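The structure appears right after this line, and notes come after that.
Bear in mind that the values in this text are calculations on the coordinates, not laboratory data. Here the structure is a predicted model, which means the values were calculated and not measured. Note that we place each Cβ from the backbone using ideal geometry, even for glycine, and neighbour counts take in every protein chain shown.
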């Protein structure tokens, strides 16, 4: 793989494997349109963070990167969103929804910290991993809203 780290595809493979084991295929079919939109929003956030505000850069990702965004990281968000939607309780108090979304956003922060610790992500002097919590929280919130709209439209 040349200058590319095997950690990116390994991370993706583990997430895909977990989601394929836990989530029935029929649920994936229902989730897929929402997941695709969410991944595109995530890619836009990553492009903004990497190329516009220069918050961080991934290293050892070539030739598997587009516009500075590692392909394997983008693909890893597919099972992440699938697991988020699959585990989403049908009935819960409003505060519990925020805790659930915050838990997934915190996992995003921990993944960010792990990539930095492994030396696969170089951060700008001003960037801290906790800063990723807020955009990821909003991303999962948007995913939840999109899924609710899809359920309303299709009466799932």
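Computed values, structure above
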item: Degrees between helix 71-87 axis and first principal axis of the chain (Cα, 0 to 90, nearest 10); result: 30
item: Most mobile listed residue (67, 138, 120) in the chain, GNM with C-alpha springs under 10 Å; result: 67
item: Folded to 0 to 90 degrees: helix 25-47 orientation relative to the chain principal axis, Cα; result: 40
item: Pairwise label distance in nanometres, residue 37 with residue 122, each label 7 Å out on the Cα-Cβ vector; result: 3.8
item: Residue 95/residue 150 FRET efficiency (R0 22 Å; Cβ-Cβ; nearest 0.05); result: 0.40
item: Between helix 7-22 and the chain: long-axis angle, C-alpha atoms, 0 to 90°, nearest 10; result: 10
item: Pairwise Cα inverse-distance average, inverted: Kirkwood Rh of the chain (Å); result: 16.3
item: Top of 12, 92, 113 by mean-square fluctuation, Gaussian network on the chain, Cα under 10 Å; result: 92
item: Approximate spin-label separation residue 51-residue 102, in nm, with each point projected 7 Å along Cα-to-Cβ; result: 3.4
item: Sorted by Cβ density within 10 Å, fewest first, the residues 53, 111; result: 53, 111
